[in-house]
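Read the structure below first, then the notes.
The values are calculated or read from the model by the stated rules, or taken from the named source; none is laboratory data. Fair warning: this is a prediction, and the values are worked out from it, not measured in the lab. In this analysis, Cβ positions are derived from the backbone assuming ideal geometry, glycine residues included, and neighbour counts consider all displayed protein chains. Areas reflect the complete protein model, heavy atoms only, side chains present, ligands, DNA and RNA absent. Shrake-Rupley method; radii C 1.70, N 1.55, O 1.52, S 1.80 Å.
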Amino acid sequence: MVKRVFNFSPGPAVLPLPALEEAQRDLLALPGEGASVVEISHRSKTFEGIIQAAELNLRKLLAIPEHYHVLFLQGGARLQFAMIPMNLLRGSGKSADYILTGSWGVTAMKEAQTQGPVRAAWDGKTEGYRRIPKAEELKLDQNAAYVHITSNETIEGVQFPAEPNVGEVPLVCDASSDFLSRPVPIEKYGILYACAQKNAGPAGVTIVIIRNDLVEKSPSDLPSMLNFKKFAEAKSLLNTPPCFCVYMVKLVTDWLLRDIGDLEKMHEINRRKAALLYEVVDRSNGYYRGHADPAYRSLMNVTFRLPNETLEKKFLKEAEEHGLVALAGHRSVGGCRASIYNAMPLEGVEALRQFMMDFQSKNPA
Ligand SMILES: *Cc1c(COP(=O)(O)O)cnc(C)c1O
């Protein structure tokens with residue numbers, strides 16, 4: 001029996017055990033194929049079946065309408081920070097709006113600046129990125145090329161409970177760290193994108209869900225590998241795709257459909273898991289201090305501090321000894337962060353909850 005820890009890594013992150021077991025079982029030979037997914041042509045019938053199944057699973061889970069493309073790209077979410085403005089902003093004569101609720105949004109905006117004019121429609125920086133803006137605080141440009149949001153700020157642990165109203169301007173969302181964690185009304189988005197390594201598979205593939213009319217805007221002078229239209233026309237097979245990653249996305253989404261059911265159910269489980277940890281924070285008499293404003297707390301990344309850094313170090317060290325690993329906060333903010341993506345089992349969250357309560361009683365402030 002292989003020993004697996006409870007892995008609270010923010011990404012690459014824990015994947016569902018049944019998906020890993022299936023990959024392990026079929027690594028030497030896919031059933032009926034006699035060769036592994038990493039050895040066969042991406043133009044083969046077998047791989048075509050895999051990428052189509054992955055897309056179909058995503059379409060089912062997210063109820064993606066017909067008039068959206070589902071693309072499998074490389075370069076991580078980071079490449080999308082540049083590729084989206086290359087395709088939608090450059091040469092448009094417009095500017096792009098960014099709603100900044102944490103570190104990833106800031107990085108996305110900086111990267112977009114290399115392609116055209118950008119504005120911050122709201123910036124939570126002075127408050128330390130703890131919340132989502134209220135509708136009346138947004139200074140939106142009605143003529144913007146798009147409005148960009150980060151649905152879940154992985155570092156600060158701040159999540160949009162629902163889409164902001166941006167009128168007719170296309171809403172573009174970096175959903176890297178809450179993709180497939182809850183149902184999403186795709187029609188409200190122009191583009192929704194996510195790197196796979198938080199909730200959908202291994203690092204190496206980025207899923208881009210993009211409305212048909214936006215694909216048509218790609219300038220023809222872009223290199224093919226940076227051009228949404230060319231990728232959509234080639235059904236993501238412009239070049240060799242990250243075959244193994246796409247295959248893993250298929251296995252993870254198979255798991256969601258087969259073992260969980262749908263994203264409503266996944267959301268319910270995620271709410272329960274997050275509540276178990278936030279409850280400990282809220283009942284700790286200020287021993288654990290949550291970073292995010294309670295109304296905008298992330299269900300995926302639970303961020304909190306202890307009374308001082310010495311206790312934080314001790315907490316992380318002892319947690320690890322209990323098989324609760326990768327709980328350090330991002331180096332830019334410190335503290336602790338429990339990333340509890342879809343595949344983190346309830347038992348892992350319960351073990352952490354108990355550890356937090358025991359740690360507090362043994363280590364008074
Ligand atoms: C992890 C993460 C990224 C970075 O993804 P890469 O694939 O490393 O480029 C971007 N945005 C968010 C919200 C993330 O959580």
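At a glance:
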{"item": "Paramagnetic label zone (point 7 Å from Cα along Cα-to-C-beta, Asp262; backbone N under 14 Å) in the range 41-75", "result": "59-64"}
{"item": "Within the accessible area of the range 62-170 (1.4 Å probe), percent carbon and sulfur", "result": "50"}
{"item": "Per-peptide average of other Cβ atoms within 10 Å, ordering 66-79, 127-140 highest first", "result": "66-79, 127-140"}
{"item": "Largest to smallest principal axis extent of the C-alpha atoms in the chain, angstrom", "result": "63, 56, 31"}
{"item": "Label-to-label distance, nm, for residues given as Asn308 and Asp213 (7 Å Cα→Cβ offset)", "result": "6.0"}
{"item": "Relative contact order [Cα under 8 Å, 6+ residues apart], the range 67-164, whole percent", "result": "32"}
{"item": "Förster-model FRET efficiency, 30 Å R0, Asp26 and Thr107, C-beta, rounded to 0.05", "result": "0.25"}
{"item": "Simple label model, 7 Å out from Cα along Cβ direction - Val5 to Arg271, nm", "result": "3.2"}
{"item": "Cross-link partners of Lys314 among aspartates and glutamates (Cα-Cα below 19 Å; sequence separation of 8 or more within a chain)", "result": "Asp358"}
{"item": "Computed over the chain: relative contact order in percent, which uses C-alpha pairs under 8 Å that are six or more apart", "result": "23"}
{"item": "For Ser41, net neighbour charge (Lys/Arg +1, Asp/Glu -1) across residues whose Cβ lies under 13 Å away", "result": "-1"}
{"item": "Inter-centroid distance (Cα atoms) of the range 137-215 relative to the range 118-133, Å", "result": "16"}
{"item": "Cα shape, the range 53-162, gyration tensor, a/c 1.5 rule", "result": "oblate"}
{"item": "Accessible area of Val166 in the full protein assembly, 1.4 Å probe (Å², nearest 10)", "result": "10"}
{"item": "32 Å Cα-Cα threshold exceeded, pairs from Lys250/Lys317; Lys94/Lys273; Lys94/Lys125; Lys45/Lys229", "result": "Lys250/Lys317; Lys94/Lys273"}
{"item": "Surface per residue (accessible, 1.4 Å probe) for the chain, Å²", "result": "44"}
{"item": "Sites Met357 and Leu17 - FRET efficiency at Förster radius 30 Å, r taken between beta-carbons, to 0.05", "result": "0.65"}
{"item": "Lys, Arg +1 and Asp, Glu -1 on Cβ, resulting dipole of the range 58-192 about Cα centre, debye, nearest 20", "result": "200"}
{"item": "Share of carbon and sulfur in the accessible heavy-atom surface of the range 203-320 [1.4 Å probe, %]", "result": "51"}
{"item": "Heavy atoms of Asp123 accessible to a 1.4 Å probe, total area in Å² rounded to 10", "result": "70"}
{"item": "Label-point gap, in nm, between Met225 and Glu39 - each point 7 angstrom along Cα→Cβ", "result": "2.7"}
{"item": "DSSP-defined antiparallel bridges as percent of all bridges, the chain, nearest 5", "result": "55"}
{"item": "Helix-only mean residue ellipticity at 222 nm for the chain, each DSSP H run of n ≥ 4 adding -39500 (n - 2.57), per residue, nearest 500", "result": "-10500 deg cm²/dmol"}
{"item": "Cα centroid separation - the range 51-89 against the range 289-352, whole Å", "result": "30"}
